[in-house]
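Quick notes on the structure that follows.
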Amino acid sequence: MKKSYSQIKSMKYNKNHQKNLNSNIKQTKKIHEIVYKIDTSKITGTCPICLNHTFDDPSNLIVEENIFHFDCVVQWIKSKFEIQENNKILYIGSNTFGIFWESRSQKLELLKKINILEELKEYVKNTS
């Protein structure tokens, strides 16, 4: 069956459009890969959760005078809120973490918001 000019043009557009979508996805992934160096000569304090030194790291969370490792906070949230296997913890900004449920189609649904400042203040108060 012979195709019309508009059908051929549409097929070329769809093919090129798909290529552009794929290249945009690759570019987006590269944007989210942030590489930075941590100056280990500058000890800024001690993480109240793991009791190890904290360094001048932009991912640290600061609550009052206490400096927490980001990864320690995530692990602490997992233990405190009993995170299930198909749930994820993500930092959503403004000192807030979210507990998300991930469906089989990899869509995320917010289950709970956690104001980490309030939670960590309580943690420091209870461990002091």
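Descriptive notes on the structure:
- Residues satisfying the stated conditions in segment 64-91, i.e. modelled with pLDDT of 90 or more, of a type in the set (A, V, I, L, M) and surrounded by 14 or more Cβ atoms within 10 Å (Cβ to Cβ): 67, 73, 74, 77, 89
- Candidates in segment 45-66 are the residues that are over 15 Å from residue 128 (Cβ atoms) and aliphatic (A, V, I, L, M); of these, the one that is farthest from the chain's Cα centre (by Cα) is 62.
- Scanning segment 51-109 for residues that are basic (Lys, Arg) and in contact (Cβ under 8 Å) with a residue 24 or more places away in the chain yields one hit, 80.
- Residue check for residue 102: touching a Leu at 6+ places or on another chain (Cβ under 9 Å) and surrounded by fewer than 14 Cβ atoms within 10 Å (Cβ to Cβ): yes
- Of all residues in segment 78-98, those satisfying the criterion of being out of contact with any helix residue (DSSP H, G or I) (no Cβ under 8 Å at 6 or more places or on another chain) and aliphatic (A, V, I, L, M) are 90, 92.
The values are calculated or read from the model by the stated rules, or taken from the named source; none is laboratory data. These figures come from a predicted structure and were not determined experimentally. Note: ideal-geometry Cβ built from the backbone for every residue, glycine included; neighbour counts use all protein chains shown.
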